[in-house]
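Below is one structure, written out as structure tokens; comments come after it.
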Amino acid sequence: MTKIGIILGSTRPGRRGAQVARWVHETASRRTDAEFELVDLLDHPLPHLDEPTPAPMSQGRYQHEHTKAWADAVASFDGFVMVTPEYNHSTSAVLKNAIDYLYAEWNNKAVGFVSYGGVGGARAVEQLRLICGALHMADVTPQVTLSLLTEFENYTVFKPGAYSLGALDTLLDQVVAWSAALAPLRTSPVAVAV
């Protein structure tokens, strides 16, 4: 069965992303077309990128145990939903760092985005689409943007509206479908140009 990782892309104390990621996971877990697992970056403490060989050149040979554990986790999924805040018109540093640690483990997998922030985190997703494209990931068009003004009571308690639930269902439909469609590319020895 298709396996989708829901990556919680914030480790900040008091992060709103934990509520959002739980909502994504609870909603996704009701589906029968894929398995969903929440991946909290707090459980994968990665120092600022410390692998001596750039990920595209490493061919999966990593020096540090934290990198090997992260690579095993990412490799186990067929696709992803990244839950990201927007910090300074971009994604969080911890999510960008986690992405940069690896290369081949991301290739030929689908990815969708659930973002939150002052303008729903839309600018963070713009950046992530560029990053994921460079990793040979297929980013799906539907996305969920959650405004701190309308989806969070007092800017802190997450209370998604009905529209957001519909948008999430559409995003999940696409991530599951694209993850399954890309499966032949993940199983064949296709050379990826760096």
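Filter the range 1-49 down to the residues that are among the hydrophobic types (A, V, I, L, M, F, W, C), under 18 Å from Glu105 (Cα atoms) and touching a Gly at 6+ places or on another chain (Cβ under 9 Å) and list them by number.
Ile4, Leu8, Phe36, Leu38, Val39, Leu41
If I ask for residues that are touching a Leu at 6+ places or on another chain (Cβ under 6 Å) and closer than 24 Å to Val144 by Cα, which ones from the range 66-83 would you list?
Val74, Val83
Would you check which residues across the range 149-159 are in contact with a strand residue (DSSP E or B) (Cβ under 6 Å, 6 or more places away or on another chain) and crowded, with 18+ Cβ neighbours inside 10 Å and list them?
Passing the criteria: Phe152, Phe158.
Report yes if Met82 is within 21 Å of Leu135 (Cβ to Cβ) and in contact with a helix residue (DSSP H, G or I) (Cβ under 7 Å, 6 or more places away or on another chain), otherwise no.
Values: within 21 Å of Leu135 (Cβ to Cβ): yes; in contact with a helix residue (DSSP H, G or I) (Cβ under 7 Å, 6 or more places away or on another chain): yes.
In short, yes.
Return the pair list, or none, for Cβ contacts closer than 7 Å from residues in the range 11-29 that are more than 26 Å from Val176 (Cβ to Cβ) to residues that are at pLDDT below 95 and in a helix (DSSP H, G or I), at least 6 apart or on different chains.
none
What are the pairs, 6+ residues apart or on separate chains, where a residue within the range 80-97 that is part of a loop (DSSP other than H, G, I, E, B) has its Cβ under 6 Å from a residue that is among the basic types (Lys, Arg)?
Listed pairs, sorted by first residue: Glu86/Arg123; His89/Arg123.
Looking only at the range 79-97, filter to residues that are farther than 11 Å from Val114 by Cα and hydroxyl-bearing (Ser, Thr, Tyr); which one of those is surrounded by the fewest Cβ atoms within 10 Å (Cβ to Cβ)?
Selected residue: Tyr87.
Quick check on Leu135: is it crowded, with 16+ Cβ neighbours inside 10 Å, closer than 27 Å to Asp100 by Cβ and touching a residue at least 24 places away in the same chain (Cβ under 8 Å)?
It is true that Leu135 is crowded, with 16+ Cβ neighbours inside 10 Å, closer than 27 Å to Asp100 by Cβ and touching a residue at least 24 places away in the same chain (Cβ under 8 Å).
Surrounded by 17 or more Cβ atoms within 10 Å (Cβ to Cβ), of a type outside the set (D, E, K, R) and touching a strand residue (DSSP E or B) at 6+ places or on another chain (Cβ under 7 Å) - does that describe any residue in the range 39-50?
yes
Which residues, taken from the range 2-16, are over 15 Å from Leu171 (Cβ atoms) and not in a loop (DSSP other than H, G, I, E, B)?
Lys3, Leu8
The values are calculated or read from the model by the stated rules, or taken from the named source; none is laboratory data. Remember, it's a predicted structure, so these values are computed and weren't measured experimentally. Note: ideal-geometry Cβ built from the backbone for every residue, glycine included; neighbour counts use all protein chains shown.
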